[in-house]
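I have placed the structure first, in the form of structure tokens, so that the comments after it can refer back to it.
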Amino acid sequence: MHTASRTAEHVAFFRALETRRRDRLFADDHAIRFLSARYRWLVRAATVPLVGHGIARLIDHRYPDGPRTSAVARTRLIDDLLAEARPDQVLLLGAGYDSRAHRIPGMPPTYEVDRAATQQAKRQRVPDRAHVHYVPVDLGSESLAAALGGFPGKRTAVIWEGVTNYLTERAVDATLRDLTRIVARGSTVIFTYVDRSALGADTPWHREVEKVGEPWTFGLHPADVPGYLAERGLDLKGDLSAEEAAARYHRDEPAAGFYRIAWAVVR
């Protein structure tokens, strides 16, 4: 794929809409910069509460399996887990249009890993900052360890949000094994994944990612996650579905039970 990710734009759209809500779970004023003119118009219209509520309901009606609420609930949960980790540095894998390095005050040195095309599109929309380092890597075909040669061996918070389900089993395995060699013991790894039983399901969300050429290719059974991580040098600390994350933040809107957020510590 030689263009910026379409699914990355969709997630930015959901974050931009969330930012316009009075009961927002987070504020991401940069998200709108990553959107096409059509999506920007919708986000600006959503500043009017009734209009914003109507746009959200239309999205949820079209995609009843809950990608919108799943995206914003996972974002807030990961923000909270990042704050709890208090790392010396942050490593964003498959960073997409993630703007944490710009929107969260006091962020430590942050290394963003993604395809070169997506990074180029991002850097055209947000200014470079001294504490943000861009590392072009395609995790589907390239070695993370090789790309991060000389990476500081400090306590790190690794965020791998919305990525593993687009990779192969081999790529996920190689990346996790690389991580445990690269980052310091006690580092936190936060990642999302899809319940393996949901792969190949025929839902509007599945059909949409297929349509834009980014189908889901990897998943894990939640019961297998503790052992899977242990084999790769990680101890699981928590694992919630997006539906459970939404409930944690009192969001009674459609979210997916098959989309999950897990966090672990490097031994």
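Can you name every residue in segment 234-246 that is open to solvent by 20 Å² or more (accessible area, probe 1.4 Å) and farther than 21 Å from ARG62 by Cα? Those that are open to solvent by 20 Å² or more (accessible area, probe 1.4 Å) and farther than 21 Å from ARG62 by Cα: ASP235, LEU236, LYS237, ASP239, LEU240, GLU244. Residues of segment 66-81 that are open to solvent by 10 Å² or more (accessible area, probe 1.4 Å), in contact (Cβ under 8 Å) with a residue 60 or more places away in the chain and more than 13 Å from ALA246 (Cβ to Cβ): LEU81 alone. Within the set ARG177, ARG207, the sole residue that is over 18 Å from the mean Cα position of the chain (by Cα), open to solvent by 60 Å² or more (accessible area, probe 1.4 Å) and at pLDDT 95 or above turns out to be ARG177.
Can you find even one residue in segment 121-130 that is open to solvent by 40 Å² or more (accessible area, probe 1.4 Å), within 30 Å of SER241 (Cα to Cα) and either among the acidic types (Asp, Glu) or assigned to a loop (DSSP other than H, G, I, E, B) (or both)? No, every residue in segment 121-130 fails to be open to solvent by 40 Å² or more (accessible area, probe 1.4 Å), within 30 Å of SER241 (Cα to Cα) and either among the acidic types (Asp, Glu) or assigned to a loop (DSSP other than H, G, I, E, B) (or both). Pairs meeting the criteria (first residue in segment 179-199 and closer than 12 Å to ASP88 by Cα, second residue polar (S, T, N, Q), beta carbons under 9 Å, at least 6 apart or on different chains) are VAL183/GLN89; VAL183/THR156; ALA184/THR156; SER187/THR156; SER187/THR180; THR188/THR156. Residues that are in contact with a Ser or Thr (Cβ under 7 Å, 6 or more places away or on another chain) and under 20 Å from ALA121 (Cα atoms) were ranked within segment 10-46; the one that is most open to solvent (accessible area, probe 1.4 Å) is ASP29. Of all residues assigned to segment 87-94, none qualifies as being under 13 Å from THR19 (Cα atoms), open to solvent by 10 Å² or more (accessible area, probe 1.4 Å) and at pLDDT 95 or above.
Considering segment 242-256, and only residues there that are free of Cβ contacts under 8 Å to residues at least 40 places away in the same chain and not hydrophobic (A, V, I, L, M, F, W, C), the residue that is nearest to ALA198 (Cα to Cα) turns out to be GLU244.
The values are calculated or read from the model by the stated rules, or taken from the named source; none is laboratory data. Keep in mind it's a predicted model, so treat the numbers as computed, not measured. Quick reminder, even Gly has a Cβ in these numbers, built from the backbone with ideal geometry, and neighbours come from all protein chains shown. Accessible surface areas use protein heavy atoms only, side chains included; no ligands, DNA or RNA. Shrake-Rupley method; radii C 1.70, N 1.55, O 1.52, S 1.80 Å.
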